[in-house]
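To start, the structure under review is shown below, and the notes come after it.
Where a number appears in this text, it was derived from the coordinates with a stated rule and is not lab data. In this text, all values refer to a predicted model and were calculated from it rather than measured experimentally. FYI the Cβ positions are ideal-geometry reconstructions off the backbone, even for glycines, and counts take in every protein chain you see.
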Amino acid sequence: MGQLLMVGVPAQGASQEHAEIVSAVHAGGIFLHGRCTQGAGATRAVVAFYTALASRAAPLVATDQEGGAVQVLSGPGMSTLPAPEQQALLDPTALTVRAAGWGAELAAAGVTMNLAPCADLVDTLAPSDNAPIGTWGRQYGTDAATATAGVLAFSEGMRSAGVEPVVKHFPGLGRVTENTDTAAQVTDSDTTRDGDPAVSVFAEAVRAGARAVMVSSATYLLIDPEAPACFSPVVVTGMLRGDLGFTGVVMTDDVAAAAQVQDWSPAERAVLAVRAGVDVVLASADASVAPEMAQALVAEARADADFAALVDRAALRVLALKGVPGA
């Protein structure tokens, strides 16, 4: 069950409190959150502390190293990455080379997964009004072709360095005005299921071999107005797995402290996400909710054979991503 949980831990240093949570839920992944300015050596020590807790397969070790305003790790041995909108000015081949270098730095620090790139298409009249992405220059372009080129180049570079990129935030956060981390009732009233340029960026990433995709927690009124995307079988199973043919690992955006999901208990968040077709539930900003999530997944699997089958399939996909033999 723990393979389905990625738990946030402080990037700046090992924490016994977080170690106890990671161990208690047998977390299949950890997410280095916050900011660490002490360099690659300090990050290696933090990673070693948590990976030593693993009782089975080594955990996925993730962070947010997009560039610009979103860069968790810095200091000696870690480059300062330009914002994605600036990265997109590079020739795609040059960006791939640069991303390979950044990925090599992450790999040397013990990081195996980067929750980047943002494939969110910010094609609104005023990109800076798009609070989660455009305001910070996290987008690779304001048209699908430019965004796709940047996403694919960055992903290729990371993957070549042995760091798994996670394409996010499906089906796109580029057209909302509020940030799901800090606001509730965040909705997208424009994005559609069929023929939408925003969705096409993710489709191209999948065609190019993406093995991990993060799903947004916004609600898409023209796709499934009944639930946030990460809780929506229509979005996860219908669109991402069905329409786009994605067979890799699907993870949620943070569903621990995000304002968008506070109407649901931590237990409900985990169960709804897995029922929708998600493989990894991300509890990054508040690790204390992880035990309740784990307990809920176990209880639901014991009570419902169909849910147990979903859990098994999700765990196998995570283990396959890790390269565990026989997964």
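Can you pull out the helices (runs of 4 or more DSSP H) entirely within the stretch 45-164 that have at least 2 residues that are aliphatic (A, V, I, L, M)?
Output list reads 92-108, 144-160.
Could you check the stretch 72-98 and list, in sequence order, the residues that are crowded, with 20+ Cβ neighbours inside 10 Å and farther than 15 Å from Thr148 by Cα?
Selection gives Val72, Leu73, Met78, Leu81.
Return the residues of the stretch 19-56 that are surrounded by fewer than 18 Cβ atoms within 10 Å (Cβ to Cβ) and hydroxyl-bearing (Ser, Thr, Tyr); say none if nothing qualifies.
Across the stretch 19-56, the qualifying residues are Ser23, Thr37, Thr51, Ser55.
Could you give every pair whose Cβ atoms fall below 7 Å, whose first residue belongs to the stretch 278-300 and is in contact (Cβ under 8 Å) with a residue 60 or more places away in the chain, and whose second residue is polar (S, T, N, Q) and in a strand (DSSP E or B), counting only separations of at least 6 or pairs across chains?
Every condition considered, the pairs that remain are Val278/Thr252; Val281/Thr252; Leu282/Thr252.
Which residues, taken from the stretch 104-136, are more than 18 Å from Arg207 (Cα to Cα), buried (at least 23 other Cβ atoms within 10 Å of the Cβ) and in contact (Cβ under 8 Å) with a residue 60 or more places away in the chain?
Selection gives Ala109, Val111, Met113, Leu115.
Out of everything in the stretch 154-189 that is hydrophobic (A, V, I, L, M, F, W, C) and surrounded by 24 or more Cβ atoms within 10 Å (Cβ to Cβ), what residue ends up being farthest from the chain's Cα centre (by Cα)? Even if it seems obvious, please write down each step before you answer.
Within the stretch 154-189, the first condition is being hydrophobic (A, V, I, L, M, F, W, C), and the residues that meet it are 154, 158, 161, 163, 166-167, 170, 173, 176, 183-184, 186.
Those still in the list that are surrounded by 24 or more Cβ atoms within 10 Å (Cβ to Cβ) too: 154, 158, 163, 166-167, 170, 173, 176.
Numbers: Phe154: 15, Met158: 15, Val163: 13, Val166: 5, Val167: 7, Phe170: 10, Leu173: 13, Val176: 18 Å.
Going through the qualifying residues, I end up with Val176.
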